[in-house]
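Structure, as structure tokens:
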Amino acid sequence: MSPKKEVDQRKHLHTLLHGCVDTKSWLTQKRVNVRNRKYTRTTKKPTMVALAVKSGLLMGFGAAFVVVGAVMVVYWPTIFFEQLKKMMILSKDSTSFSIWREIPIPMYLECYMFNITNVDEILAGKNVTLKVEQLGPYVYMEQHSKVNITWNDNGTITYYNERWWHFQPELSNGSLSDQITSINPIVATVGYVLRHEPLFLRLAVDVFMRLNHENMFLTANVSSWLFDGIRDPLFDIVEHFPDLPFVIPFDRFGWFYSRNGSLEFDGIFLMNTGAEEFSRLGNVEKWKYSNRTMYRDHCGVVQGSTGELWAPEYGQEEVVIFAPDICTYLVLNKDGPVTIEGLEGVQYGTNDSTFDNGYHYDSMACYCDEVRDENCLPSGALNVSSCRFGAPAFVTLPHFLGMDPYYANKIDGLSPNDDYKFRLSLEMYTGMPLQVYAQLQINLLVRHIGGISLNNQLPDKDTLVPMFWFRQEVRITEDYAKLARFALNLRDGMPYGFYVLTAIGILLLIIGIAYMIRKLLKSPETAPILHEPAVPEETQ
């Protein structure tokens, strides 16, 4: 073999060996790459599963939060109202029952007495204006208890209202021993009742009254005028005249005589529990077994709340209170907003239509007889004589507030102002009474009656004499105000919580969707295809 050919063979062998080495290296690298891809796929699979789980959980919780939040925002007012109804409807187990049965909020009765200061001038026959001075207040703590309770099948409850009064000297301006001089109510009542009787009967009764009374005035201490009662010889005289056109069911006279602890004085009530018609919660359906009183037409309808239970009122223009002391109801008109113990409410009060008698408001004409006579007083005084055993009793607002000047100008010593309105403040969304000022004045109408000289001693022949006025005051306590504020905050605040819950749900949905998109982008099925390098051909 020639040297040149030998060199060529050596070069060719070197080339083959070098190619085999390169091919082996390439195959080795290929196997490494395959193993790496396999390992990569194996390690990425749990990560992809975790992303899917996270996405599903986030979107699931997000959707649930959105649905719950949106639904509760819409239905929360209804849910709140239904829960409120459950608490307020009167039943043996309801929250309102124990509060209504034994009112835990302190109540006070403030009595202001009118003392006549110019009696000597009047008895001397001088033509003077009757002068009065106000004494008091004489304050009593008042307790109410509902007793003899009967639950009826038609959503009503029957009960008696037992009331007690306890004198509070530390809150009073004066003592129960203070002497008060005023018109003798028994003399005024006898004269008023007999005004249409035959003259001979009036003369006979006047003789009997003169035997025991020097004049028509009476002086007694505050305690006797109010609760203890005053013993008058006329009570004995009445017993000897069984045919008289009136009956006095007491042996003493006192504005609140025999009322302490009495069941029968206030009468028996039939009240709506709100179970069948929530809007009628607390409304008196019957009083003393009847749905009517002695007044004619709509004035004699038994209606309104006793002032202790109210369905949510939502700001209507008027509310109605039934007042058994005057045998009728009072319509209180909206005065405006009020804030008490941090609670916003609406105040209702009396106005010039309350005791109008039809002089300016036709709807009030039924408080007088259909044929209007002298018993129908000018605007501002309600005739309650038939409610008070025939006594010439007329009810006004304190100090003749809002009354026609015909009678008001005949009395010296009165100073009416708007603070003497009968007022009630309610929280609208719960119906909770925030404050009550039940204020009324009792007056006696003294007119000269032919044949009854003892009754005819006042200078003016037609005088409405103020006797006393009272204020029954109730104000919500801080403890109950806290409960009311909590309920209102719950009512107003929960929707904001549901809005936040909805927003969180939307945020979770967005995050869940983001995770899902990330998963799809990293999935092998959606990854781009990478071309592997071709295996080099063997060199021939």
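Computed on protein heavy atoms with a 1.4 Å probe, the accessible areas place R372, R280 in the order R372, R280, largest first.
Bridging of K85 to aspartates and glutamates at a Cα separation below 12 Å is possible for E276, E277, once same-chain residues fewer than 8 apart are set aside. Here the Karplus curve 6.51 cos²θ - 1.76 cosθ + 1.60, taken at θ = phi - 60°, turns the phi angles of the range 127-133 into couplings of 8, 10, 7, 5, 10, 10, 10 Hz, with x standing for Gly and Pro.
What length, rounded to one decimal in nm, is gained on full extension from D419 through to N127, with 0.36 nm per residue of separation minus their alpha-carbon distance? Don't jump to the answer; show the numbers that get you there.
Numbers: separation 292, 0.36 × 292 = 105.12 nm, distance 3.27 nm.
Result for the pair: 101.8 nm of gain on full extension.
Cross-link partners of K126 among aspartates and glutamates, defined as those whose alpha carbon lies under 12 angstrom from its own and excluding same-chain residues fewer than eight positions apart: D460.
Summary of the geometry: the range 324-370 and the range 385-414, compared by the centres of their Cα atoms, lie 17 Å apart.
The values are calculated or read from the model by the stated rules, or taken from the named source; none is laboratory data. Quick caveat: nothing in here was measured; it's all calculated off a predicted structure. These area figures cover heavy atoms from the full protein model, side chains too; ligands, DNA and RNA do not enter into them. Shrake-Rupley method; radii C 1.70, N 1.55, O 1.52, S 1.80 Å.
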